[in-house]
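Have a look at the structure below before the remarks.
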Amino acid sequence: MLKFPVALIFTVSIFGAAAWEPIPTFAQSPPQLAAHQDLKASSEFESISDKAARSRAMFSEIGKLLTHPRCMNCHPAGDQPLQGAEHRIHYPTARRTGFGDTCAACHTGRNVTMHVPAPFQSIPGHPRWALAPLSMAWEGKSLSDICRQIKDKDRNGGRDLVLLQEHIAMDDLVAWGWNPGLGRDPAPGTQEAAGKLVQAWIDNGAECP
């Protein structure tokens, strides 16, 4: 049977005031973080002679990033963000409708390390912290579906391939995935490596698996 001890967490109210709030937490050990993954360099795909096949193989490698919790948790199919390596529903409850206000109640402009007993080691933050729009939802989709989706300007925020590469290679909110705060497994590789791999995928035809 699950037990619900109380942990204190430090939050920032929607009015900007600091507050201590008791929250229920499951009496279980936190999940172990996976070893940090690398992303293969584009040069590692040069042995694939067929250009289209090489491009597809590159996107499969990019898929390690796109399906990682640091990305997938902010691209859910539903109206609630996800948390953790297991993609559990966000707690406390937060919903897409009015999400900006709810988000800012706890997620400030930077990561905040916890120095009190809590079921997590830090609260993530960024000035533009928010869910991706539903048109960019990846949860539950195959890598092939995600590939076609991110190439579709009607579903990717109006980005052509040049802007898509810039988004992954340079966007500072995307960069959070590699600096997610204490207690979280960072996204595979580095933002620089991801940007180069995406560019190589585009240069080889931007083919989908």
If the chain between Ser122 and Met136 were fully extended at 0.36 nm per residue, the gain over the current Cα-Cα distance would be 2.4 nm
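Dipole size in debye (nearest 20) for the range 31-160 around its Cα centre, Lys and Arg Cβ +1, Asp and Glu Cβ -1?
Numbers: 17 positive and 13 negative charges, 39 e Å.
The calculated dipole for the range 31-160 is roughly 180 debye.
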Once you have the Cα-Cα distance between Asp172 and Arg110, take 0.36 nm times their residue separation minus that, and quote the gain in nm to one decimal. 21.2 nm
Which distance in nm do the two modelled labels at Asp38 and Val162 give, with both placed 7 Å along the Cα-to-Cβ direction? 3.3 nm
Assuming a ≥ b ≥ c are the square roots of the Cα gyration tensor eigenvalues, decide whether the range 48-187 counts as rounded (a/c under 1.5), prolate (otherwise, with a/b larger than b/c) or oblate. prolate
In nm, give the distance between the simple-model label positions of Ala85 and Glu192, each being 7 Å from the Cα along the Cα-to-Cβ direction. 2.7 nm
Just tell me which lysines come within less than 23 Å, Cα to Cα, of Lys64; anything on the same chain fewer than 8 places away is out. Lys40, Lys51, Lys141, Lys151, Lys153, Lys196
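Under Stokes-Einstein, with the Kirkwood radius over Cα pairs standing in for Rh, what whole-number D in µm²/s applies to the range 82-165 at 25 °C and 0.890 mPa s?
On the way: Rh = 15.1 Å.
The Stokes-Einstein estimate is 163 µm²/s.
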Determine the share of the range 53-177's accessible area contributed by carbon and sulfur atoms, expressed in whole percent, with a 1.4 angstrom probe. 56 percent
What is the Cα centroid distance between the range 102-117 and the range 153-173, reported in whole angstrom? 27 Å
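The values are calculated or read from the model by the stated rules, or taken from the named source; none is laboratory data. It should be emphasised that the depicted structure is a prediction, and the values quoted were computed from it without experimental measurement. Here Cβ is always computed from backbone atoms with ideal geometry, including for glycine, and neighbour counts include all displayed protein chains. Protein only, heavy atoms only, side chains kept; ligands, DNA and RNA dropped before computing areas. Shrake-Rupley method; radii C 1.70, N 1.55, O 1.52, S 1.80 Å.
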